[in-house]
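Heads up: the structure comes next, in structure tokens.
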Amino acid sequence: AQKVTQTQTSISVMEKTTVTMDCVYETQDSSYFLFWYKQTASGEIVFLIRQDSYKKENATVGHYSLNFQKPKSSIGLIITATQIEDSAVYFCAMREGHYGNEKITFGAGTKLTIKP
Amino acid sequence: EAAVTQSPRNKVAVTGGKVTLSCNQTNNHNNMYWYRQDTGHGLRLIHYSYGAGSTEKGDIPDGYKASRPSQENFSLILELATPSQTSVYFCASGDGTENTEVFFGKGTRLTVV
């Protein structure tokens, strides 16, 4: 069974700094897909970035990047040059790659606060 | 932009009553999902569907039923609502490709009194 764990309940950093949010996962599959989503204060949940397990390169989208450490079953989200509007709850999610699996499992989320 | 619409957005129900939460997507996506969000638990999967006519149990299906009468619509049904089902419910849709993201609705806040 797939499992996703985010141990950081909340993080607070100063604006314009870099922050890393942790996520570890459990899976028996050799192929899987990892996602990060952001939930804004309004409750809206939007996709940010994705990492395919078979890719060695860390994904990067804008000021979001991932630190994928496959041997540690870890996928950290890095936000550089943080802005006030990055304050939100961030969820890590995983989908296993075996045929017929449509389940997407989310972690408990990390609340990020950016201080001016 | 993918569109997933949930209704109602807010609902107060009485214990023992029947509640139906509706979700409509205009993306022609095969997969649809129902999650509930509670503090400390994140998003937990209740039911999901591969397409019209299919429903599958997620990680916490007890007390819930689901219905997918068409490609566009996916409902979550609480036959006998309980206060423990007070939560925020999110519907999502995805095209079924394993490495693509899902798109979420804005959520339904359900309070069972």
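The values are calculated or read from the model by the stated rules, or taken from the named source; none is laboratory data. A quick note: this is a predicted structure, and the numbers were derived from the prediction, not measured. All Cβ positions, even for glycine, are placed from backbone atoms using ideal geometry, and neighbour counts span all protein chains on display. All accessible areas refer to the heavy atoms of the entire protein, side chains included, with ligands and DNA or RNA removed. Shrake-Rupley method; radii C 1.70, N 1.55, O 1.52, S 1.80 Å.
Okay, residues lined up against (1) modelled with pLDDT of 95 or more; (2) small (Gly, Ala, Ser); (3) touching a Phe, Trp or Tyr at 6+ places or on another chain (Cβ under 6 Å):
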site: B:His29; (1), (2), (3): no, no, no
site: B:Tyr35; (1), (2), (3): yes, no, yes
site: B:Asp38; (1), (2), (3): no, no, no
site: B:Gly63; (1), (2), (3): yes, yes, no
site: B:Ala81; (1), (2), (3): yes, yes, no
site: B:Gln85; (1), (2), (3): yes, no, no
site: B:Val113; (1), (2), (3): yes, no, no
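Those residues that are at the interface with chain B (Cβ under 10 Å from one of its Cβ atoms), over 11 Å from the mean Cα position of the chain (by Cα) and under 12 Å from A:Trp36 (Cα atoms), I need them from region A:61-107; list them, please. Even if it seems obvious, please write down each step before you answer.
Taking region A:61-107 first, the residues at the interface with chain B (Cβ under 10 Å from one of its Cβ atoms) are A:89, A:91-93, A:95-107.
Restricting the remaining residues to those that are over 11 Å from the mean Cα position of the chain (by Cα) gives A:95-105.
Of everything in region A:61-107, those that are at the interface with chain B (Cβ under 10 Å from one of its Cβ atoms), over 11 Å from the mean Cα position of the chain (by Cα) and under 12 Å from A:Trp36 (Cα atoms) turn out to be A:Arg95, A:Ile104, A:Thr105.
Against the condition open to solvent by 20 Å² or more (accessible area, probe 1.4 Å), touching a residue at least 40 places away in the same chain (Cβ under 8 Å) and of a type in the set (Ser, Thr, Tyr), how does A:Thr110 come out, does it pass? For A:Thr110, the condition - open to solvent by 20 Å² or more (accessible area, probe 1.4 Å), touching a residue at least 40 places away in the same chain (Cβ under 8 Å) and of a type in the set (Ser, Thr, Tyr) - is not met.
So, A:Ala41, is that one more than 9 Å from every other protein chain (Cβ to nearest Cβ) and open to solvent by 60 Å² or more (accessible area, probe 1.4 Å) or not? Yes. In this structure, is A:Ala88 among the hydrophobic types (A, V, I, L, M, F, W, C), modelled with pLDDT of 95 or more and surrounded by 12 or more Cβ atoms within 10 Å (Cβ to Cβ)? Yes; evaluated as a whole, the condition is true for this residue.
Kindly indicate whether A:Ile49 is open to solvent by 30 Å² or more (accessible area, probe 1.4 Å) and of a type in the set (Val, Ile, Thr). Considered against the rule, which asks whether it is open to solvent by 30 Å² or more (accessible area, probe 1.4 Å) and of a type in the set (Val, Ile, Thr), A:Ile49 comes out as no. Screening A:Gln83, A:Gln8, A:Gln69 for residues that are open to solvent by 40 Å² or more (accessible area, probe 1.4 Å) and free of Cβ contacts under 8 Å to residues at least 24 places away in the same chain leaves exactly one candidate, A:Gln69.
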